[in-house]
Amino acid sequence: MLEQMHEALQRLRQEQPVVLNITNYVSMDFLANCFLALGASPVMSVSDLELEELIGLSSAVYINIGTLDHLFIQRAYRAVDLAVRQSKPVIFDPAGSGATKIRTEVSHHILSHATIIRGNASEILSFGDVPAKTRGMDSANATHDAKDIAVALASECLCGCAVAVTGSEDFITDGKRHATVELGDPLMSRITGMGCSLTGVLAAFRSVIEDSFEATRLGVEYFSLCGMLARERCEGPGLFKAYFLDELYAADFDRMRRYHNQ
């Protein structure tokens, strides 16, 4: 597994794929730095005027609805339409789906076109008939609560998509293959934008790995291992954020092996 991660990182740093981000304003800076630390080239566009050209230049399109309004919704819908027409993978983070009616409606609209979907348990549960418990952007459900919905979502997808339910435990599925990841550190939940940045990392990995399930599994594991290494170096969330970027960049697989083999 670590060898596959290493190969993916090498490809990212050699190819430097462009990833177009239609994302929220809260985590935009941290997200862009995560892409750069990996070796990818982020574009953080807020203009409809350049969408078609930028999607043509991009290896993947990442959409996160964390700070949506009517203009954002129009831009996201158009980006999805253009990405599908140009056969570009769409990586989707349904931030806050289930918390409000509009977020849930927008998420359902984008859902069927997504190549990878990454959300917490409450967000993924919002796509099914099971009532979800949510605290705004945060989940009040456990990962195992959303596993059946995740499998059903991935199974219904016509484009070979993968679904990741993330939290203290992570579950990844494409409807046929399943993986559980028990890595990471609780301090990661104390920093805004970590989930958004994880989805961005999945977009970067999908830019160089055609198999959406493998891209998602490797991306989740790499992100989680970097969190564990960053936690070794600090006591609180302020320094953690800086050390986390350092670990994304360093790709220290020798240190990762200690956790990965547990």
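Compared with the alpha-carbon gap, the fully stretched path from residue 7 to residue 257 is longer by 88.5 nm at 0.36 nm per residue. Amide H to amide H distances under 5 Å link residue 45 with 21, where only residues 5 or more positions off or on other chains count and H is placed in the peptide plane.
Extending 7 Å from Cα along the Cβ direction at residue 69 and again at residue 176 yields two label points whose distance is 4.5 nm.
Couplings 3J(HN,Hα) for segment 242-258, derived from phi with the Karplus relation 6.51 cos²θ - 1.76 cosθ + 1.60 (θ = phi - 60°), are 5, 5, 4, 4, 4, 6, 4, 6, 5, 6, 7, 6, 5, 5, 4, 4, 4 Hz, where x marks Gly and Pro.
Proximity of backbone amide H atoms, modeled 1.01 Å from N, is registered between residue 60 and 20 at under 5 Å, excluding neighbours fewer than 5 places apart on the same chain. Looking at segment 2-224, the DSSP beta bridges with both ends there are about 30 percent antiparallel.
Only Cα pairs under 8 Å and 6+ residues apart enter the sum, and on that basis the relative contact order of the chain stands at 19 percent. What FRET efficiency comes out for residue 169 versus residue 49 if R0 is 41 angstrom and r is the Cβ-Cβ distance? Round to the nearest 0.05. So, using R0 = 41 Å, E works out to roughly 0.45. Sorting the segments 224-234, 64-74 by their residues' average number of neighbouring beta-carbon atoms within 10 angstrom, most packed first, yields 224-234, 64-74. With the highest mean first, a sort of the peptides 46-55, 201-210 on other beta-carbon atoms found within 10 angstrom per residue produces 201-210, 46-55. Under a Gaussian network description of the chain, with springs only between Cα atoms under 10 Å, the residue in 177, 118, 75 that fluctuates furthest is 177.
Label segment 52-117 by shape, choosing from rounded, prolate and oblate, from the square roots a ≥ b ≥ c of the eigenvalues of the Cα gyration tensor; if a/c is under 1.5 it is rounded, and otherwise prolate applies when a/b is larger than b/c, oblate when it is not. Prolate, since a/c reaches 1.5 and a/b exceeds b/c.
Would you mind pulling out the separation of the Cα centroids of segment 85-133 and segment 163-188, in Å? Taking the Cα centre of segment 163-188 as reference, the centre of segment 85-133 is 16 Å away.
Residues of segment 199-225 falling in the label zone of residue 16, defined by backbone nitrogen less than 18 Å from a point 7 Å along Cα to beta-carbon, are 204-205, 207-208. Dividing the helix sum by the residues of the chain, where each DSSP H run of 4 or more adds -39500 (n - 2.57), gives a mean residue ellipticity at 222 nm of -15500 deg cm²/dmol.
In order along segment 109-117, the phi-based Karplus estimate (6.51 cos²θ - 1.76 cosθ + 1.60, θ = phi - 60°) of 3J(HN,Hα) comes to 5, 7, 3, 5, 9, 7, 8, 9, 10 Hz; Gly and Pro are listed as x. Plainly put, the chain has a radius of gyration that is 0.93 times its Kirkwood radius, both from alpha-carbon atoms, as the Rg/Rh ratio. With a simple spin-label model that places each label point 7 Å from the Cα along the Cα-to-Cβ direction, the separation between residue 112 and residue 152 comes to 1.7 nm. Pairs of Lys residues in segment 2-224 are counted when their Cα atoms are under 26 angstrom apart and they lie 8 or more places apart or on different chains; the count is 5.
Values in this text are rule-based calculations from the coordinates and carry no lab data. It should be emphasised that the depicted structure is a prediction, and the values quoted were computed from it without experimental measurement. Cβ atoms come from the backbone with ideal geometry, glycine included; neighbour counts cover every protein chain shown.
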